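Encoded as structure tokens, the structure appears first; notes follow it.
Nothing in this text is a laboratory measurement; each read-out follows from the coordinates by a stated rule. Computed from a predicted model, the values in this text were never measured in an experiment. Ideal geometry is used to build each Cβ from the backbone, glycine not excepted, and the neighbour counts take in all protein chains shown.
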Amino acid sequence: MTAPRLRVLVIDDERPALDELAYLLSHDDRIGEVLTRDSAAEGLRTLHESDVDVVFLDIQMPGLTGLELAQVLSRFRTPPPIVFVTAHEAHAVDAFELRAVDYVLKPVRADRLAEAVRRVVAGSERTPALGPDSQIPVERGGVTRFLDRADVTHVEAQGDYARLHTPDGSHLIRTPLSTLEEEWRPAGFVRIHRSLLVALSHVREVRMDAGRCSVVVDGPPGTPGAVQLGVSRRHTRELRDLLLRRQS
């Protein structure tokens, strides 16, 4: 069955750039409709009035900037995916902290834009949000089985994927760590490093060595029985406070 085509909103205050981007997107078979707006304020009004599948957004605009608009959209109940399209490399870190799907530099090449659309489509096909007591479908050797989230000791980022670690082994799923961090926080998963989440219920020890913090969780077969995970300095105090609150 053919996948539904995307409804796209393009926002750029420069008319030539806006028209060029709309033209390129309209010639992509995965795109069904392209809406264009020449300011972030107009784009926000459109997003309040109708649904779109993805927003292609310039950053440097008068009035409300693209980054400011993205911050507003992040508070939507269901935020649309965002692809930033800009002539400036300097805002890439800010963009990805706002969970942008992609960051495309001007002048835009058709092949680079096609890759951005591919990432949007791939993101829409990722594992759906998981409830507090969900079982997680994981694939291995062409077989899908269901993993209890309560068995997950920690989660490791691997690009746009995440590797779930349990005492029985590990499994890769098509969901980024940032998504799991938000969705699994109520179940006791906390970030201890930019590439790691840990389940507080599985923390056996907290160790301090020369001012550096680490936690110990159960390890998979073939290990000494435990895995030690480093905690970054910025997350150490938050982790210790959370563990103390759980004990009390």
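Here are the numbers for the structure shown:
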item: Label corresponding to volume of the Cα convex hull per residue in Å³ when calculated from the structure given, among (i) 105; (ii) 119; (iii) 168; result: (iii)
item: Point-charge dipole on Cβ atoms (K/R +1, D/E -1) for the chain, about Cα centre, debye to 20; result: 1040 debye
item: FRET efficiency for GLU115 and ALA87, using Cβ-Cβ distance with R0 set to 22 Å, rounded to 0.05; result: 0.75
item: Rounded to 10°, Cα long-axis angle of helix 15-26 versus longest principal axis of the chain; result: 70 degrees
item: Segment 1-61: C-alpha gyration tensor shape, a/c 1.5 cut-off, then a/b vs b/c; result: oblate
